[in-house]
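**Student:** What follows is a single structure, and I will ask about it in a moment.
The values are calculated or read from the model by the stated rules, or taken from the named source; none is laboratory data. Every value quoted in this text rests on a predicted model; they were computed, and no experiment measured them. Backbone-built Cβ (ideal geometry, glycine too); neighbour counts: all protein chains shown.
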Amino acid sequence: MRTPSVAIVILNWNGKLFLEKFLPSVLSSTYSNKQIIVADNASTDDSISFLKQHYPEVGILINPVNEGFAKGYNTALKQVSADYYVLLNSDVEVTSNWIEPIINLMEADQLIAACQPKLLDYYHRDYFEYAGASGGWIDYFGYPFTRGRIFDTCEKDYDQYDTAIPCFWATGAAMFVRASIYHEMKGLDSYFFAHQEEIDLCWRMQLQGYKVYVQPASVVYHVGGGTLPKGNNKKVYLNYRNNLIMMAKNLPFLSACWKLPFRFGLDAFSAYRAFFNGDRGHFIAVGKAHFNFFYWLFFVKNETFRGGKKRRLVAGVYAGMVVWDYFIKKKRTFKQILSFK
């Protein structure tokens, strides 16, 4: 029986210290038919010389400019041939047999387009990590959260979310994706640059009838915030802007017509709250995100709009409002909000 080929592609930008620390764990992966590639996004540190000297077996793709996460991966993956891609952050430590459970799951169901492992915190290894935990979800108004992390509250992992299930999005920190479908969907939306581009891709995949899964039998440990730390105003700007663009692209037209104005109001409330608490940078970032959303809507949309015309039911959607549940009702865990096992 043929073993599917897997290309683990690590997008790197000035991440020599992460490569030095975590690449050995990737090389120790037990899966036989794999290749490991570092796609360098115009690093100015000595990442490339380090790789050439210490890891000659690792493939290297060099991008002359920093195209960000989305376009950087699109550029790199056009040059990689494999049955499956793994989009892996440089700040992830993997376990030895992390690949097999996911490939086995995806091979058993050809409609699974993307899948993620269970993501735990590298520094607090019995806690879920912010970027993906045990599968990504989204609420009725477009707010992403995860099975194991609601806003800034990361749950302790005591195997409560160890079932492989369909979810709404798979984390970009360690995303397995079927290569043919990645290219069919024309990859990540390069306009996003970074943040929530993987949610947009998973949404578009589901609108075309594909599935997204989490397989907790596979475990990795993520540092997080290696490029843009939490609280960084550029990160705030990208998250707010990209979330609005994603909703405009993928929601049915009538839903977008009322949900987007509602979200603008919630965003404005968040921005003014930050302003009166002394965080003017956050306030400016949200305003800039709203302005740039309208720029995208009127001047860029025709170039980057890739959402499918088919409107299908998708998994991992919470019919309520996670903001209300978390901040008003004080529900802090996934099970409290969804009563889902």
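**Student:** Scan the range 91-102 and give yes if some residue there is among the hydroxyl-bearing types (Ser, Thr, Tyr), under 14 Å from Arg178 (Cα atoms) and at pLDDT 95 or above, otherwise no.
**Tutor:** No, the range 91-102 contains no residue that is among the hydroxyl-bearing types (Ser, Thr, Tyr), under 14 Å from Arg178 (Cα atoms) and at pLDDT 95 or above.
One line per residue, one yes/no per condition, for (1) in a strand (DSSP E or B); (2) basic (Lys, Arg); (3) more than 27 Å from Lys329 (Cα to Cα); (4) at pLDDT 95 or above:
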{"site": "Glu107", "(1), (2), (3), (4)": "no, no, yes, yes"}
{"site": "Gln110", "(1), (2), (3), (4)": "no, no, yes, yes"}
{"site": "Ala114", "(1), (2), (3), (4)": "yes, no, yes, yes"}
{"site": "Leu120", "(1), (2), (3), (4)": "yes, no, no, yes"}
{"site": "Tyr123", "(1), (2), (3), (4)": "no, no, yes, yes"}
{"site": "Ala133", "(1), (2), (3), (4)": "no, no, no, yes"}
{"site": "Trp137", "(1), (2), (3), (4)": "yes, no, no, yes"}
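**Student:** In addition: Taking the range 145-160 as the search range and keeping residues that are out of contact with any Leu (no Cβ under 9 Å at 6 or more places or on another chain) and part of a loop (DSSP other than H, G, I, E, B), which one is surrounded by the most Cβ atoms within 10 Å (Cβ to Cβ)?
**Tutor:** Here the residue is Glu155.
**Student:** Against the conditions (1) within 24 Å of the chain's Cα centre (by Cα); (2) without any contact (Cβ under 8 Å) to a residue 24 or more places away in the chain, where does Leu297 fall short? Just the number, please.
**Tutor:** All conditions pass for Leu297, except number (2).
**Student:** Would you pick out the residues in the range 32-56 that are buried (at least 18 other Cβ atoms within 10 Å of the Cβ) and closer than 18 Å to Ile103 by Cα?
**Tutor:** Listed by number, the residues that qualify are Lys34, Ile36.
**Student:** Out of the residues in the range 147-184 that are among the aliphatic types (A, V, I, L, M) and under 16 Å from the mean Cα position of the chain (by Cα), state the one that is farthest from Lys211 (Cα to Cα).
**Tutor:** In this case the residue turns out to be Ile150.
**Student:** Of the residues Ser43, Ser49, which single one is farther than 21 Å from Ala82 by Cβ, among the polar types (S, T, N, Q) and without any contact (Cβ under 8 Å) to a residue 12 or more places away in the chain?
**Tutor:** Being farther than 21 Å from Ala82 by Cβ, among the polar types (S, T, N, Q) and without any contact (Cβ under 8 Å) to a residue 12 or more places away in the chain holds for just one of Ser43, Ser49, which is Ser49.
**Student:** Picking from Lys329, Lys309, Lys288, Lys341, which residue would you name as being basic (Lys, Arg), closer than 16 Å to Phe151 by Cβ and either at pLDDT 95 or above or over 22 Å from the mean Cα position of the chain (by Cα) (or both)?
**Tutor:** Lys329
**Student:** Leu17 - would you say it is under 18 Å from Ser96 (Cβ atoms) and modelled with pLDDT of 95 or more?
**Tutor:** no
**Student:** Let me ask something else about it. Which residue is farthest from the chain's Cα centre (by Cα), if the candidates are limited to the range 107-146 and must be among the acidic types (Asp, Glu) and over 27 Å from Lys186 (Cα atoms)?
**Tutor:** Out of the qualifying residues, it is Asp126.
**Student:** Collect the residues in the range 217-238 that are out of contact with any helix residue (DSSP H, G or I) (no Cβ under 6 Å at 6 or more places or on another chain) and modelled with pLDDT of 95 or more, keeping them in residue-number order.
**Tutor:** Answer for the range 217-238, where residues must be out of contact with any helix residue (DSSP H, G or I) (no Cβ under 6 Å at 6 or more places or on another chain) and modelled with pLDDT of 95 or more: Val219, Val220, Tyr221, His222, Val223, Leu238.
**Student:** Which residue is nearest to Pro4 (Cα to Cα), if the candidates are limited to the range 91-137 and must be among the polar types (S, T, N, Q) and buried (at least 24 other Cβ atoms within 10 Å of the Cβ)?
**Tutor:** Only one residue tops the list, namely Gln116.
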